[in-house]
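All of the numbers you see were taken from the coordinates with simple rules; none came from a lab. Everything numeric here is computed off the predicted structure, so don't read it as measured data. As a convention, Cβ positions derive from the backbone with ideal geometry for all residues, glycine included, and neighbour counts pool all protein chains shown.
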């Protein structure tokens with residue numbers, strides 16, 4: 001049996017999602033872009049604490065930072081869906097392995113002739 005290969009982007013996504021605040025940030029960003037201050041207020045955390053959470057999410061590719069059109073000083077954070085699709089695909093693939101033995105057993109049971 002060979003060892004599974006590591007997927008660094010997937011590992012980073014899972015590490016970032018280990019924190020409940022970061023998962024909550026992604027939930028809010030699903031609704032649309034937000035400023036860091038809005039996110040900090042929503043979770044009752046300090047601006048520096050939210051900045052650290054956003055840095056983790058940014059470095060893992062889960063969010064991107066853009067500038068507001070009306071005011072270039074305002075940074076908006078928006079959800080990036082690709083890492084979440086990759087995670088979803090991996091989970092789907094993992095789930096299919098679980099079902100394969102059951103499918104095989106059902107197929108085998110269906111082929112048996114009654115005595």
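Listing for the model above:
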| read-out | value |
| --- | --- |
| Label-point separation, residue 10 to residue 52 (7 Å along Cα→Cβ), nm | 2.9 nm |
| With 5 Å bins from 0: P(r) over segment 8-81, alpha-carbon pairs, percent | 3, 18, 29, 27, 15, 6, 2, 0 |
| Projected label distance in nm at residue 85 and residue 67, using a 7 Å step from Cα toward the beta-carbon | 2.9 nm |
| Computed over segment 8-81: relative contact order in percent, which uses C-alpha pairs under 8 Å that are six or more apart | 34 percent |
